[in-house]
Structures are given as C-alpha cells and as structure tokens.
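**Student:** Take this structure, written in structure tokens, and hold onto it; I'll ask about it next.
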Amino acid sequence: MIYTLTTNPAIDINFFSKTFEPSVVNRTEDAKYSPNGKGINVSLILKHYGIPSVALGFFGGFTGKYIVEELSKRDVKTIPIWVNEPTRINIFINDEKNEFKFVNEGPFVSIEAQSELINIIKGLRDCKYLVISGSLPKGIEEDYYCEIFQICQEKSIEVILDISSKKLKELLKYNPLLIKPNDEEVEAIFGYRINNEKDVKFVVKKLYEMGARNILLTMGEHGLYFYDGYKLYYCDAPRIKLLSSACAGDSSLAAFLSEWLFKGDLEFALKKASATGANVAESQGLGTLENVKDYVKILNVKEVK
C-alpha cells in the first residue's frame, strides 16, 4: 500500500478575473474549490489511475473537515491528525494573461500532534511506500523529516520525496527510493543551474552520488528526465496553453508512480507523467485528465547518451 504524507494541506481556490485593480471591486468568475496539498494530489491522481492509497496529514477547523470529507467522497482513505487552527486556503487568480498565486503559511502544529503522526507511522502494517510531499507548517522543525526516515528504515518502508526544502540535500543520506525535484528546486537547494542537457547529466549524477537511488527531474514545458544510476532518459512535453502550474508536478509524480512501481514499463511511465502534468497545467485544479491518452500518443522517450 502507498501512503502519502501532506503536513501542510490546503483548500485551493482557482478563479478568473478580467480585472486586477487596487481599491476597486474586481468581479471574479468560475471559482473552483479543491482539496489540496502535494501528497493529497498524489493520492487523488493515483486513485484516478486505479491505485489505492491512504492520505496522512494534519487537518484543522472547517477547512480541514472539508478536505477530509471531499477525499472520502472521492474514495480516498484519510488518516487525519487534528490540530487546533484551521487548515490554510490558497488562492490562484488567472486574468487570461497571468497567473497570480497567494499561498498561505498554514496552521501551527503542536508537539503532541507531531508525536501522534509518528506513532501512526510506527503502527502501520501495510505501508510499502511513503510519499512525502510539500512544505512543513509552523511548529515543525526540519529534523522531523529525519525522524520519519529513521522509522521508515526500521520498518523497511521505501520513501519517495517531493519537497522544496533545503533539507532535501541532507536527507539524501537516507537513500530515498525516488526524489522529484524540478529545475528551479535543483538550483535553490543544490546550487546547480540547468541550462542544457549537459547540465542535466551532471546534476542527476551528483544527486545519485549523494544518495538518491532514482531521480525524476521535471522541467515544465521542457519535459522531464529520469535517472536510475545507470541510464538517463528524456521525455518531451506536449504544447499547451498554461492555465495554472499548481498541482502539475504532483500529478506527474503520481502518474509516474502508478506505472513505475506496479507495472515496470518505464517508457510508458514517463509518457504518462508528462501527459498528466501537462493536462493538469492547462486546467483549474487537477481538471478532468481527459487529454492524457491523446498526449501520450504524441510523446517521445529517448535514452540520453
């Protein structure tokens, strides 16, 4: 069983506004409310592709209750750890030319709640994979990641990491099964700027040497790369009209895992990841994923020598 961990979930509100002016009433339209958070997105996309998972996370207030209820409606099992402050709300506004992102900090998570999650992970009997995604909320220090990793090693749980924290560099010593940075995170965390394919080859080899056993490097409209320590593969990306980049990386990861972990077809896993990420990026929230099959047909995977 795959478990996902979202320590700082959110309700995402996506809407359009033809105006974006100060000190006036800007009328919005087509608002979409979505249960969100990087690990939650992974669980939702896995569910779409027929892979069950369990979502772990900290939830609070009416907003936290909404997310848990929505996940239940979508047949995603959740083990919530309840906190006192409401789960955050993030706002994404599109004016047909630009996307404006307003991402909130999130609630305070007490030591008691943190301990509750640790005890839950210790007690899991069917967890084979744990996907840790997203940011940490107030109250949680980054050493919390190390505590979780140590438990996972004791329980032989494979960890998949998708975090933008600089702690990622240190966490590679635990040899995660897979990491999924994007090119901006590689520069911010490791100090390597990616300008061309030569840079990609250098970066993935460095991350492998540091401890990551597999690397899925996403680069938006420029496609994605996968490296397993032996071979480097590239998959291009379909051309789309970008609506919102939120959720696209999480969706790519989930689509990749749905094939790579269970069916072993790497080429199709990469095509599915690229197609899913693109379809989400041209949609509000996760969208309907109705274009994935068509995009998969036009994508190409090559081994990079």
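The values are calculated or read from the model by the stated rules, or taken from the named source; none is laboratory data. Because the structure is a prediction, the values reported are computed rather than measured. For neighbour counting, all protein chains shown are included, and Cβ atoms are generated from backbone atoms with ideal geometry for every residue, glycine included. Side chains included, ligands, DNA and RNA excluded: accessible areas come from the protein's heavy atoms. Shrake-Rupley method; radii C 1.70, N 1.55, O 1.52, S 1.80 Å.
**Student:** Give the long-range amide H neighbours of Gly223: residues separated by 5 or more places, or on another chain, with amide H under 5 Å away, using H modelled in the peptide plane at 1.01 Å from N.
**Tutor:** Here the answer is Ala237, since their amide H atoms fall under 5 Å of that of Gly223.
**Student:** Spelling out what I want: for every residue of region 95-101, take phi, set θ = phi - 60°, compute 6.51 cos²θ - 1.76 cosθ + 1.60 (Karplus), and round to whole Hz; glycine and proline get x.
**Tutor:** Ordered by residue, 3J(HN,Hα) equals 10, 6, 10, 10, 10, 10, 10 Hz.
**Student:** Dipole magnitude of region 7-75 about its Cα centre, charges +1 at Lys/Arg Cβ and -1 at Asp/Glu Cβ only, in debye to the nearest 20?
**Tutor:** On the way: 8 positive and 7 negative charges, 22 e Å.
Rounded to the nearest 20 debye, it is 100 debye.
**Student:** Sort 21-32, 132-143 by the packing proxy (mean of other Cβ within 10 Å over each peptide's residues), most packed first. Walk me through the numbers on the way to the answer.
**Tutor:** Details: 21-32: 9.4, 132-143: 18.1.
Sorting 21-32, 132-143 by mean packing, highest first, produces 132-143, 21-32.
**Student:** Right, another one. Per residue, how many Å² of accessible area does the chain show with a 1.4 Å probe? Walk me through the numbers on the way to the answer.
**Tutor:** Values: 14530 Å² over 305 residues.
For the chain, the per-residue accessible area is 48 Å².
**Student:** Here is a further query. State the Cα centre-to-centre distance between region 188-203 and region 38-108 in whole Å.
**Tutor:** The two parts, judged by their Cα centres, are 31 Å apart.
**Student:** Quick one: go through region 69-112 and flag any residue whose amide nitrogen is under 19 Å from the point 7 Å out along the Cα-to-Cβ line of Asn26.
**Tutor:** Of the residues in region 69-112, 89-105 have backbone N under 19 Å from the label point off Asn26.
**Student:** As a test question: what accessible area, to the nearest 10 Å², does Glu154 have when a 1.4 Å probe is rolled over all protein chains in place?
**Tutor:** Here the accessible area works out near 150 Å².
**Student:** So if I average 1/r over every pair of distinct C-alpha atoms in region 182-278 and take the inverse, what Kirkwood radius in Å does that give? Working shown, then result.
**Tutor:** On the way: mean 1/r = 0.0733 Å⁻¹.
For region 182-278, the Kirkwood estimate is 13.7 Å.
**Student:** While we're looking at this one, here's another question. How much net charge surrounds Val304 when only the other residues with a Cβ under 9 Å from the Cβ of Val304 are counted, with Lys and Arg +1 and Asp and Glu -1? List each step's numbers first, then the result.
**Tutor:** Numbers: positive: Lys201, Lys231, Lys302, Lys305; negative: Glu197, Glu303.
Local net charge: +2.
**Student:** Could you pull out the pairs from Lys128/Lys166; Lys38/Lys205; Lys47/Lys155; Lys205/Lys263; Lys122/Lys272 whose alpha carbons sit more than 28 Å apart here? Don't skip to the end; give the middle numbers.
**Tutor:** Numbers: Lys128/Lys166 26 Å; Lys38/Lys205 26 Å; Lys47/Lys155 25 Å; Lys205/Lys263 25 Å; Lys122/Lys272 33 Å.
Too far apart for the 28 Å limit: Lys122/Lys272.
**Student:** On to the next question. How high is the relative contact order of region 45-114, in percent, with contacts defined as C-alpha pairs under 8 Å that are six or more residues apart?
**Tutor:** Rounded, it is 30 percent for region 45-114.
**Student:** Mind checking the dipole of the chain: about its Cα centre, +1 per Lys or Arg Cβ, -1 per Asp or Glu Cβ, Debye to the nearest 20? All intermediate terms of the calculation are to be shown ahead of the outcome.
**Tutor:** Details: 38 positive and 41 negative charges, 132 e Å.
In total the dipole reaches around 640 debye.
**Student:** Tell me which residues come under 5 Å, amide H to amide H, from Ser164 once H is placed; ignore anything under 5 positions away on its chain.
**Tutor:** Correct list: Gly134.
**Student:** Could you please put Ile118, Ile111 in sequence from largest to smallest accessible area, using a 1.4 Å probe? Can you show the working numbers first?
**Tutor:** Working: Ile118 10, Ile111 110 Å².
Result of the area sort, largest leading: Ile111, Ile118.
**Student:** Same structure again: Could you check how much of the accessible area of region 2-304 is carbon and sulfur, as a whole percent, using a 1.4 Å probe? Display every interim value, and only then the final one.
**Tutor:** Values: 6760 of 14270 Å².
Ligands and nucleic acids excluded, carbon and sulfur give 47 percent.
**Student:** State the Cα centre-to-centre distance between region 230-257 and region 138-176 in whole Å.
**Tutor:** Using only Cα atoms to place each centre, the spacing works out to 23 Å.
**Student:** Semi-axes of the equivalent ellipsoid of region 125-231: what are they in whole Å, largest first, if each equals the square root of 5 times a C-alpha gyration tensor eigenvalue?
**Tutor:** Numbers: eigenvalues 115, 51, 28 Å².
Taking √(5λ) for each Cα gyration eigenvalue gives 24, 16, 12 Å.
**Student:** Explain nothing, just the number: relative contact order of region 2-304, from Cα pairs under 8 Å at least 6 residues apart, as a whole percent.
**Tutor:** On the way: 638 pairs, mean separation 45.9, N = 303.
Relative contact order, region 2-304: 15 percent.
**Student:** Another question, then. Rounded to two decimals, what is Rg over Rh for the chain when you use alpha-carbon atoms and the Kirkwood radius? Don't skip to the answer; put the middle values down first.
**Tutor:** Numbers: Rg = 18.8 Å, Rh = 19.7 Å.
With Rh from the inverse mean 1/r over Cα pairs, Rg/Rh is 0.95.
**Student:** According to a simple spin-label model (label point 7 Å from Cα along Cα-to-Cβ), what is the distance in nm between Arg125 and Asp294?
**Tutor:** Modelled inter-label distance: 4.7 nm.
**Student:** Give me the aspartates and glutamates in straight-line cross-link reach of Lys138: C-alpha distance below 14 Å, same-chain residues under 8 apart excluded.
**Tutor:** Glu85, Glu105, Glu112
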